[in-house]
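Worksheet: one structure, shown below.
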Amino acid sequence: MAQVVLVTGAAAPGVALAARRIAEAPDDKVVAVDTTLPSDDLGSVKFVRADIRTPVISKVLAVEDVDTVAHMDLAPMRARGSGSATKEINVIGTMQVLAACQRSDTVRRVVLGSSSAVYGSSPRDPAVFKESDTARGGTASGFAKDIVEVEGYTRGFARRRPDVCVTTLRMAQWLSPHFPTVLGSYFANPVLPVPMGFDARLQFLHPQDAIEVIARAATEDHPGTFNVAGDGVIMLSQAARILGKPTLPLPPIGFGAILRRTSHYMGSDVSPGVHRLLTYGRVLDTTALREIFGYTPQHSTHETFEWFAERLRPGLLHVLGVTG
C-alpha cells in the first residue's frame, strides 16, 4: 500500500539521506519538514518549511494525509543558538509533534529517532545496556535529560493511542567524515583531551546502518524500543592510536569544563555531556534489533571508525565543524 511519511529534522544531513532512502519505494510519498532548507538534494522528497514547536505541524499532517511520522528532529546542540533553543526543539517540538499525531485520524505509525544518551553515563553503569535498563546517572541535564523527557512523552502517547504502532530507536553515536557528528568534531581535533585514569568503551553507528533502520521502521510495523549500534566496542585509547593523534590527559574532576575550553581553543565545539561519555563510555546490547526487529548492522563499531579515520584529512576538517 502507498504510504505518506512525514520526516522531521530534514536539515540534518543524515536525516535528509534517510528521507531519500524512504522515498525509494515507488508508491510512497515522503514529506520532510524543518525550519531551514536542507543543503543536500532531497530528490523526490517534498520539503515543507515548518517549525515543529508550533501547531502548524498539525496542518501539515492534515493537508498531506500523513499516516507515518518519523520524528528525527532531536539533537545534542544546534549549529546556532543557545542551549535553551536546543531544548525547545527537542522537548517542546516533540510535544507538539505527538499532540498533532494524537489528534490525527490518519496517523498509524510513529517512529522516534532517540539516542543511547537516554542511558546516561556513570561509574555505576552495567557493562552492557539492554532496552529494559534505565539510567544510573548522567541524565540530570543537557541532551540526556531531553531524551529522557522525550521518551517519556512518547510512552504516554503510545498508551493514549494503542492503535498507533510506536517504534523507538535508541541509536549509538553516528560517525561520518562527510557531515558533522558529536564525536566526529572531537576526533578531528589535532590533540585529543582525555580524562586521566579512564579509558572509555565506545560504540559507533555507521550512517548506512542508521538510515536503513530508520527506513525500515518508517515503512514496516516494528513496535517497541530497540538499541541500534555497530557490533563490538573500541576503547578511547585505541581510537587515538588508529587516528595517530596524541592525547592530552586531564584531571577527571572538572574534565567537562576543561574539555570545552581546550576544544574551543583548537577550533571545535563539543556537546554538553560528551565529557561523561568520554569518561565512562556506553555499550548497547543489540540482540532485540537482530532477533525482533530483524536487522543486523552491516558495519561493526571498529569498521565504522576505521572508515572514518581513513578519510579524516585536513581538507575535511571544515566538514566536521572544525575551523582555524
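Read the figures in this text as sums done on the coordinates, not as results from a lab. Treat the numbers as computed from the prediction; the structure is a model and nothing was measured. Cβ atoms come from the backbone with ideal geometry, glycine included; neighbour counts cover every protein chain shown.
Brief remarks follow.
- Separation of alpha-carbon centers, segment 161-200 and segment 224-300, rounded to whole Å: 6
- Candidates Gly254, Pro177, Val194 compared by Cα position along the dipole of the chain: farthest toward the positive end lies Gly254, with charges placed on Cβ.
- Restricting attention to the chain, close to 5% of DSSP beta bridges with both partner residues there are antiparallel.
- A Cβ-based charge dipole, computed about the Cα centre of segment 185-324 with Lys and Arg at +1 and Asp and Glu at -1, lands at about 700 debye.
- Estimated 222 nm signal from helices in the chain, with DSSP H stretches of n ≥ 4 weighted -39500 (n - 2.57), rounded to 500: -10000 deg cm²/dmol
- Once the Cβ-Cβ distance of Arg136 and Val56 is raised to the sixth power relative to R0 = 41 Å, the FRET efficiency obtained is 0.55.
- Approximating the spin labels as points 7 Å out from Cα along Cα→Cβ, the Val63-to-Thr287 distance works out to 4.7 nm.
- Counted residue by residue at 0.36 nm each, then reduced by the alpha carbon distance between them, the extension gain from Thr35 to Ala309 reaches 95.4 nm.
- Cα-based helix-to-principal-axis angle, 255-265 vs the chain, degrees rounded to 10: 90
- Cα pair distances of the chain binned at 20 Å [whole percent]: 33, 59, 8
- Under-5 Å amide H pairs with Val48, H placed in peptide plane, nonlocal only: Ala32, Val33, Asp34
- Straight-line cross-link reach from Lys46 at under 16 Å between alpha-carbon atoms covers these lysines, not counting any fewer than eight positions away in the same chain: Lys29, Lys59.
- Among Thr296, Ile214, Gly120 the positive-end extreme of the charge dipole of the chain (Cβ point charges): Gly120
- Were the residues from Arg241 through Ala127 laid out at 0.36 nm apart, the gain over their Cα-Cα distance would be 38.7 nm.
- Shape of segment 1-63, Cα gyration tensor, a/c cut at 1.5: oblate
- Cβ-based charge dipole, the chain, positive-most Cα from Thr279, Val148, Phe129: Thr279
- Nitroxide proxy distance, nm - points 7 Å out along Cα→Cβ at Phe198 and Thr106: 4.7
- Computed FRET value (nearest 0.05) for Glu24 with Gln298, which takes r as the C-beta separation and R₀ as 25 Å: 0.90
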